[in-house]
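S.K.: One structure follows; several queries about it will come next.
The values are calculated or read from the model by the stated rules, or taken from the named source; none is laboratory data. Given the structure is predicted, the values throughout are model-derived calculations rather than measurements. Cβ: placed from backbone, ideal geometry, glycine included. Neighbour counts: every protein chain shown.
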Amino acid sequence: MEPTIEDESTIIEDYDEKIKIMLLGDSIVGKTSLLRKYIENEFSPNFINTVGFDIQIKFLNINNKRIKLQISDTAGQERYRTISKSFYNASEGFIIVYDITKRESFVNVNNWVEQIKEIAPNYSKSIIFGNKCDLTEMREIEIDEGKELANKFNFKFFETSAKDGTNINKGIESLVKEILGDIFSVKSSQKETTVLKKKKHNKVKKSEPCC
């Protein structure tokens, strides 16, 4: 089922689940352009340098559940890394982005994964985006290299384009569904535990002598 966005002007904070996702990656890999394409379906060829953080909200309907999705676009520069760390613990999901035309950004994916492992909650989920796949003549990283790197960490992988929108919705939807699966699994387990406790309590109560 394709997620759908609703007019936020008519929305009063009404949702079933809230999910927070962070975009991570070196500067100039296209994180801001990816987010703008996903939220506004717009693309600008001009470089946009994020200062600190940019947080965007999108409402989705997935499997009859209303989801409030909060995506944080983080600055890739080293001087902002310390600020970024304060947001890791609050996030359930991470999208690590590299530029298929810049090998250094691909190599640095390893560093971003290490940061997630060190700081983020152990229940968080991550995927990798190889961005700018429309720039085929400038490609430095083949798609198989991206897949191999993602397999190394057991992450899902998508090559994306902020220009034409390739795989952006599909990739983010995949991550959201994976996070939701964990949330619903935990809630189901908690519900079963509550039911068992009630049954145990009622059983003890019935076995008590009446006088």
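S.K.: Looking only at residues in region 1-25 that are modelled with pLDDT of 90 or more and in a loop (DSSP other than H, G, I, E, B), which one is nearest to Lys65 (Cα to Cα)?
M.R.: Checked region 1-25; the qualifying residue nearest to Lys65 (Cα to Cα) is Asp16.
S.K.: Looking only at residues that are among the acidic types (Asp, Glu) and in contact with a strand residue (DSSP E or B) (Cβ under 9 Å, 6 or more places away or on another chain) in region 158-177, which one is surrounded by the most Cβ atoms within 10 Å (Cβ to Cβ)?
M.R.: Glu159
S.K.: Suppose we filter region 126-140 for residues that are of a type outside the set (Ser, Thr, Tyr) and crowded, with 21+ Cβ neighbours inside 10 Å; how many remain?
M.R.: Number satisfying all stated conditions: 7.
S.K.: Now for a separate question. Do we have any residue at all in region 195-208 that's in a strand (DSSP E or B) and either at pLDDT 95 or above or out of contact with any Gly (no Cβ under 8 Å at 6 or more places or on another chain) (or both)?
M.R.: no
S.K.: Could you check region 103-134 and list, in sequence order, the residues that are farther than 25 Å from Lys170 by Cβ and in contact (Cβ under 8 Å) with a residue 40 or more places away in the chain?
M.R.: Glu104, Gln115, listed by residue number.
S.K.: Would you check if Ile67 is farther than 17 Å from Ile168 by Cα and modelled with pLDDT of 85 or more?
M.R.: Criteria met by Ile67.
S.K.: For a quick check of your reading: which helices (runs of 4 or more DSSP H) sit entirely within region 82-159 and have at least 1 residues that are over 18 Å from Glu178 (Cα atoms) and at pLDDT below 95?
M.R.: Those helices (runs of 4 or more DSSP H) span 109-119.
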